[in-house]
Amino acid sequence: MINWADLEARYQGRDAFIARLLGIFTNSHASFSAQMREFTAAGNSSEIARLAHSLKSSAGNIMAMDLMDLALRTEQAARRSAPEAMELALQLSDELEATLVEIETRLASQS
């Protein structure tokens, strides 16, 4: 989940920017979970690693540090073709979905 206090401190006084950043994050990762589940079902470690890598820095930008850490662990496991990569990929999908709901709830409450 997002550390809201850290996010607000990082972009202090820039509430409109934070809202825009969160909107971009939501839009750019809308299909992530479906893609990740598809690649997991196919056992496609290279695509799992690519998707996890793409999420890693974005999650850090919005201070979703647990999501960022899970993306890193997923990417590393997939690059090694480690057996746990598939389970981590599914966990990453679930965590991202929860984060997207959290963002939508937060943005709706600010409208």
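Every read-out reported here was derived from the displayed coordinates using simple, explicitly stated rules and does not represent laboratory data. Here the structure is a predicted model, which means the values were calculated and not measured. Please note: Cβ atoms are built from the backbone with ideal geometry, for glycine as well, and neighbour counts cover all protein chains shown.
For the chain, relative contact order (Cα pairs under 8 Å, six or more residues apart, normalised by length) works out to 32 percent.
From helices alone, the chain scores -26500 deg cm²/dmol at 222 nm; the rule is -39500 (n - 2.57) for each run of n ≥ 4 DSSP H residues, then divide by the residue total.
Annotation: the residues Ile103, Ile62, Ile48, sorted from fewest to most other C-beta atoms within 10 Å of their own C-beta, follow the order Ile103, Ile62, Ile48. The long axis of helix 15-28 is offset from the longest Cα principal axis of the chain by roughly 20 degrees.
Toward the positive end of the charge dipole of the chain, with +1 on the Cβ of Lys and Arg and -1 on the Cβ of Asp and Glu, the farthest Cα among Ser33, Ala59, Thr99 is that of Ala59. Quick note on the chain: its Rg to Rh ratio, both from C-alpha atoms and Rh being the Kirkwood radius, is 1.01.
Each residue of segment 95-108 was assigned a 3J(HN,Hα) from its phi angle through the Karplus expression (A = 6.51, B = -1.76, C = 1.60, θ = phi - 60°), giving 5, 5, 4, 5, 5, 5, 5, 4, 5, 4, 5, 5, 5, 5 Hz with x at Gly and Pro. Is there a quick way to get the dipole size of segment 41-111? I mean about its Cα centre, with the Cβ of Lys and Arg at +1 and of Asp and Glu at -1; what is the value in debye to the nearest 20? Result for segment 41-111 is approximately 320 debye, rounded to the nearest 20.
Against the chain, whose longest principal axis is taken from its Cα atoms, helix 45-61 shows a tilt of about 20°. Site pair Ile24 and Asn3 shows an inter-label distance of 2.2 nm when each label is modelled 7 Å from Cα along Cα→Cβ.
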